[in-house]
1. Can you work out which of the residues in segment A:259-314 that are open to solvent by 60 Å² or more (accessible area, probe 1.4 Å) and small (Gly, Ala, Ser) is farthest from residue A:477 (Cα to Cα)?
2. Starting from segment A:469-485, take each residue that is closer than 16 Å to residue A:339 by Cβ and list its partners that are more than 16 Å from RNA strand B (Cβ to nearest atom) and open to solvent by 30 Å² or more (accessible area, probe 1.4 Å), counting only C-beta distances under 8 angstrom and pairs at least six apart or across chains.
3. Mind checking whether some residue in segment A:311-324 is free of Cβ contacts under 8 Å to residues at least 60 places away in the same chain and of a type in the set (Lys, Arg)?
4. How do the strands (runs of 3 or more DSSP E) wholly within segment A:432-478 filter down when requiring 2 or more residues that are more than 30 Å from the chain's Cα centre (by Cα) and buried (at least 18 other Cβ atoms within 10 Å of the Cβ): which remain?
5. I need the full set of residues from segment A:161-186 which are open to solvent by 40 Å² or more (accessible area, probe 1.4 Å) and part of a helix (DSSP H, G or I), in order please.
6. When only residues in segment A:12-21 that are within 11 Å of RNA strand B (Cβ to nearest atom) and either at pLDDT 75 or above or not aromatic (Phe, Trp, Tyr) (or both) count, which is least open to solvent (accessible area, probe 1.4 Å)?
7. Answer yes or no: is there a residue in segment A:325-337 that is open to solvent by 10 Å² or more (accessible area, probe 1.4 Å) and either in contact with a Cys (Cβ under 6 Å, 6 or more places away or on another chain) or away from RNA strand B (no atom under 11 Å from the Cβ) (or both).
8. Let me spell it out: the conditions are (1) over 42 Å from the mean Cα position of the chain (by Cα); (2) within 11 Å of RNA strand B (Cβ to nearest atom); (3) part of a helix (DSSP H, G or I), and residue A:344 meets all of them except one. Which number is the exception?
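The values are calculated or read from the model by the stated rules, or taken from the named source; none is laboratory data. Quantities reported herein were computed from a predicted structural model and do not represent experimental measurements. We place every Cβ from the backbone using ideal geometry, glycine too, and count neighbours over all the protein chains shown. These accessible areas exclude ligands, DNA and RNA; they are computed on the full protein's heavy atoms, side chains included. Shrake-Rupley method; radii C 1.70, N 1.55, O 1.52, S 1.80 Å.
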Amino acid sequence: MLKYPEELKEEKVEKKFDFPILHDPSKKVVTRFAPNPDGPLHIGNIRSALLSYEYSKKYNGKFILRFEDTDPKTKKPILHLNQMEKLDYQYILEDLEWLGIIPDEIYIQSDRLNIYYKYIEELLKKGFAYVCQCLDNEIKINRLKGIECSHRSIEPEQNLELFYKMLTGDANGVIRIKTDMKHKDPSVRDWIAFRVIDPKKYIHPRIEKIKSYLGYEPYLWPTYNFSVSIDDHLMGVNLIFRAKEHLNNTIKQSYIFKYFNWDEPKVIHYGRIKVSGLTLSKSKIVKDYKDFSNPDLATIIAFRKRGFLPESIKTVILELGIKPSEAIISLENLYAINRKLIDYATDRYFFVYNPIPVKLNIPEKIIIKRQLHPSRKDFFEFELEPNPEILICKNDLDSEVRLINLGNIKIKKINGNYIGEFSEDQSLEYAKEKLKFIQWVPSNRKVKCKIKVPSIINKNQLIEGYAEPEISKLKINTIIQFVRFGFVKLDEIKDNECIFYYLHD
RNA sequence: GCCUCGGUAGUUUAGCCUGGUUAAGAAUGUAGGCCUCUCAAGCCUAAGAUCCCGGGUUCAAAUCCCGGCCGAGGCACCA
C-alpha cells in the first residue's frame, strides 16, 4: 500500500516486451496456464502464467487457467490454504489476480474425467492404446529393453471390457498409448495414459463433486500427458509456454494429436528459474514451511507480504525473455526495480536496533521537525524535553555524529554511560563534510518493532528495536522506509508492537 | 550411463534463425561528480565482455559447421 500511488511512474514499468509473433496470425491465439494446485504459486511457476497472459493480451487472444489435479496420490491437490477461502484453489487465483492476471476461462481437470474417459475409449477402440497388466517393474524393464509385452496385442473388445471394469476398480492395470517400443527415449515407449488409484486410500479433496457428476467413485485417473493433450485440443490452445523439463512430454503428447488427427499447438520451451538464497521447490515449501509467507520463500504470497509491487515481479520475470537456458533471477535487480517504483511514495521514519541510550545535555526543550521524505515538504513535529535520553544504533556510536533533524553532537563515555553534547559547530556544512548522519529515537517516545527478515539478511529472521511512535498510526500494509535500514511493510500491530516485513534496502 | 538443450561485462539480458555501420546494445551493480539533514531516490560521467576454448567454411562469424570443456533439464503408474 502506497501513500502516493499516482506517483508510480508508469514509464518505468512499461518495458517494451517485444514478443516475437509465435502463433499463426490467421487464428486467434489461445494460451493457458496449467498449474497443479498442490501448493502456493512461486516465482518459478508464474513464468508460464505471465508469458502466456501477456502474450495473449498483446495479440488479442484468450488466456485459460486450468487446474491439473488428476493425481490424488503423489501430488495431492490442496484445496484451500486457509479456512477463509470458499472456492477450490482460490489461492492460486488470488496470486494471479495480484499479478494482474485475469483468466478468460477457468477449468478444473477433476471436473472433466468423463471427457478423458471418452477419448481413451476411442483410442482403445481404434487400437491405439491398450490395457497393460504387467507389474510396474516389468513395464520398466521391457521399456529399457524395447520389448513389447503380450498385452500390447490384445484385441480392442477385450481392452474395452477391462477398461470399463477399471473405472470402478474391478480390474487392475494401466492404459498405455502405443508409440514405438524402440523409440530412442525409453520414457516415450508406450507411455502410460491412465492408472488405477484407490479412492478409499487416496482421497481426492474434490471427491464429492466428482462423484456427483460421474455417478460413481472413480478408480481410473489420467496422467498428465493424456489430460493435457485432450484439454489443450478441446480448449483450442495453440500456443504453450512451458519449462524445458517438459521437452520429452511434448514428444509423448504428439502421439495423441497424431491419433486424433488434431493440429498440435506450438510449444515454446524456456529454462528453469532459480532465485539465489530463496527456496523454490514446491514440495519443500509444502513440507518444511507452515507459513507460506515466510520471507525465506520465493512464493508470491511472501513477495506480497514483504511489499513488492506486482509490477516489479512482472518486470523481472518478463525481462528474462524466453530463452531455453536456465535463468537465475537477480534479487538485486528486483530490489532496484521495486525501490525505484516505491521510493517517492514511502515516508521515512527512524528505527533503532541494538539500541544504546545516550543522555543529551540540552538544557532547554526543543521542537523537532521531522521530514517525512527528503524530496517532499511534509513533516511531523514533537517536543523534545530538556536533557532527554535518546536511543541510537550501537554501530552508530561515534565520537561525533549528526542526529538527523536535531544537530551535531559529541558523544563521551562517562562511568559507562554515554553522554552527548552539542558540538560547537552546528552547521549542516560541517556535518556533511565530517559526520555520519544517523537516526535516533527518544527513550520516552518510542514504539517497539519487530521486523521479519529473510534469513540470508539476518540469521534469526527477526530484528527487534524501537521506532518513532507515529508508525503505530499507519494503516496495515503501508510501506515505509526506515532511514538507513531499508524498506519495510507494516503487517500487524499487536500488544503495542509493530510487526513489519523487511522488503529490501 | 543414455537422450536433449544451453554457454554474451560481477549479475540478468538484447543480438544468433535470415553472417557484414552496434568498431557487441540495455538494465542492475561498481567508481567518481552534482543534488539531498539516510549509505534511498533523481541527474551526469567513467570503468567493466579475448561474445566458453580450439579448429573449419567465408572477402567477412558472437552469428554457419566440427571437436572439446563447463552448465542445465529429462530418462515416473508426478505434474
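1. Across segment A:259-314, the extreme among qualifying residues is A:283.
2. Close Cβ pairs satisfying both conditions: A:479/A:1; A:480/A:474.
3. Scanning segment A:311-324 turns up at least one residue that is free of Cβ contacts under 8 Å to residues at least 60 places away in the same chain and of a type in the set (Lys, Arg).
4. Working: elements: A:436-438, A:447-452, A:462-467.
Ranges flagged: A:462-467.
5. Residues satisfying the conditions are A:161, A:164, A:165, A:186.
6. Just the residues of segment A:12-21 that are within 11 Å of RNA strand B (Cβ to nearest atom), to begin with: A:12, A:15-21.
From what's left, either at pLDDT 75 or above or not aromatic (Phe, Trp, Tyr) (or both): A:12, A:15-16, A:18, A:20-21.
Values: A:12: 82, A:15: 100, A:16: 171, A:18: 119, A:20: 66, A:21: 105 Å².
Taking the candidates together, the pick is A:20.
7. First pass over segment A:325-337, keeping only residues open to solvent by 10 Å² or more (accessible area, probe 1.4 Å): A:325-328, A:330-333, A:335-337.
Now restrict to residues that are either in contact with a Cys (Cβ under 6 Å, 6 or more places away or on another chain) or away from RNA strand B (no atom under 11 Å from the Cβ) (or both): none.
No, every residue in segment A:325-337 fails to be open to solvent by 10 Å² or more (accessible area, probe 1.4 Å) and either in contact with a Cys (Cβ under 6 Å, 6 or more places away or on another chain) or away from RNA strand B (no atom under 11 Å from the Cβ) (or both).
8. Looking at each condition in turn, residue A:344 falls short on (1).
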